[in-house]
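Every number here is computed from the coordinates shown, using simple stated rules; none is lab data. Owing to the predicted nature of the structure, the values given are computational and were not obtained by experimental measurement. Cβ: placed from backbone, ideal geometry, glycine included. Neighbour counts: every protein chain shown.
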Amino acid sequence: MNPQFREPEPTRTLPEPELAPDVWTAEEDWGHDLSPFKRTTLAYVFHFGFHTGVRAPSEIAALDLDDVDRDAGEIVVTEKKKGGNRRRMPLPSYVLDAPNSKSLGNYIDHHRDQADADKDAVFVKLDGKRWTDHYLQTELSRVGKRVWPGFHPYKMRRYVATEFLIATEFNVYKVAQALGDEVRTVEKHYLDRARARAEMDTEHVPRLRGGGVR
């Protein structure tokens, strides 16, 4: 093989705006092997992940009740990838505490207490224990693929980054701040994808209403 020849990198599938919402709304396609409590919890986890872009599974599994500050309108995210660094992230009401959406507050107030949840974690299993990173990733992947065959938990973050970039007219600084990422990371992994999405669908209106972008 010519040493100057390089195999092209495999094309990564763009986030599908028409598929992403189905992951947390099309529960009828999830199958019948989930307990009612697990089904409810996963619906809220998917909604949270697809509207915040926090790293899945680690930052979702690490979220504690004390990290949810409804008065301030924000959460505190524990970034395991960065040695446990903690950052504050503002959230819109429909993600944080709206009673008529799959908000964190709605889950905490009306669903979490169905489990024997005497622990600190927001998202728990029926026995009250925190979801481990491995278990959460496995379940998100397993259920998500039933609706979106190419789904992987990381695609929630990619989807949010793409939507935020389009919504902010490709302001990499705002998006990096919202995601707790480096500007160079946003430029390397998300910017071209967001531009391609915008070019593919010139009438595309970002589905996310702000999230951590201010």
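Can you pull the percent of Cα pairs in the range 155-200 with separation above 14 Å? Present the calculation step by step, with values, prior to reporting the outcome.
Working: 357 of 1035 pairs.
Counting pairs separated by more than 14 Å, the tail of P(r) holds 34 percent.
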Along the range 188-196, Karplus-curve 3J(HN,Hα) (6.51, -1.76, 1.60; θ = phi - 60°) to the nearest Hz, with x for Gly and Pro, reads 6, 9, 10, 5, 4, 5, 5, 5, 5
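Summing -39500 (n - 2.57) over the DSSP H runs of n ≥ 4 in the chain and dividing by its residue number, what mean residue ellipticity at 222 nm do you reach, to the nearest 500 deg cm²/dmol?
Details: 10 runs with 88 residues, N = 214.
Rounded to the nearest 500, it is -11500 deg cm²/dmol.
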Per the 1/(1 + (r/R0)^6) rule, R0 = 22 Å and r from the Cβ atoms of Thr25 and Val76, FRET efficiency to 0.05 is 0.20
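Given a Förster distance of 25 angstrom, what is the FRET efficiency for His32 paired with Tyr135, based on the Cβ-Cβ distance and rounded to 0.05?
Values: r = 20 Å, r/R0 = 0.81.
Taking R0 as 25 Å, the efficiency between His32 and Tyr135 is 0.80.
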Modelled label-to-label distance, Lys145 and Leu65, 7 Å Cα→beta-carbon offset: nm? 3.5
Around Glu74, which amide H atoms from residues at least 5 apart in sequence, or from another chain, sit under 5 Å from its own amide H, with H modelled in the peptide plane? Asp69, Leu91
Cα centroid separation - the range 46-115 against the range 171-193, whole Å: 21
For semi-axes √(5λ) of the Cα gyration tensor in Å, the listed values are [x] 29, 20, 17; [y] 33, 19, 15; [z] 36, 17, 16; which was obtained by calculation from the structure presented? [x]
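Within a 10 angstrom radius of the beta carbon, how do His32, His134, His111, His47 rank from fewest other beta carbons to most? Kindly include the intermediate steps, with their values, before the conclusion.
On the way: His32 6, His134 10, His111 17, His47 23.
Fewest-to-most ranking of His32, His134, His111, His47: His32, His134, His111, His47.
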Which cross-chain or sequence-distant (5 or more) residues have an amide H under 5 Å from the amide H of Glu79, H modelled 1.01 Å from N in plane? Gly84, Asn85, Arg86, Arg87
I need Met156, Met89 ordered by Cβ neighbour count within 10 Å, fewest first. Met89, Met156
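Over 29 Å between C-alpha atoms is what I'm after, so list which of Lys38/Lys188; Lys38/Lys155; Lys125/Lys174; Lys129/Lys174; Lys102/Lys188 land there. Don't jump to the answer; show the numbers that get you there.
On the way: Lys38/Lys188 36 Å; Lys38/Lys155 21 Å; Lys125/Lys174 35 Å; Lys129/Lys174 35 Å; Lys102/Lys188 32 Å.
Correct reply: Lys38/Lys188; Lys125/Lys174; Lys129/Lys174; Lys102/Lys188.
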Simple spin-label estimate for Met200/Lys188, 7 Å along Cα→Cβ, in nm, reads 2.3
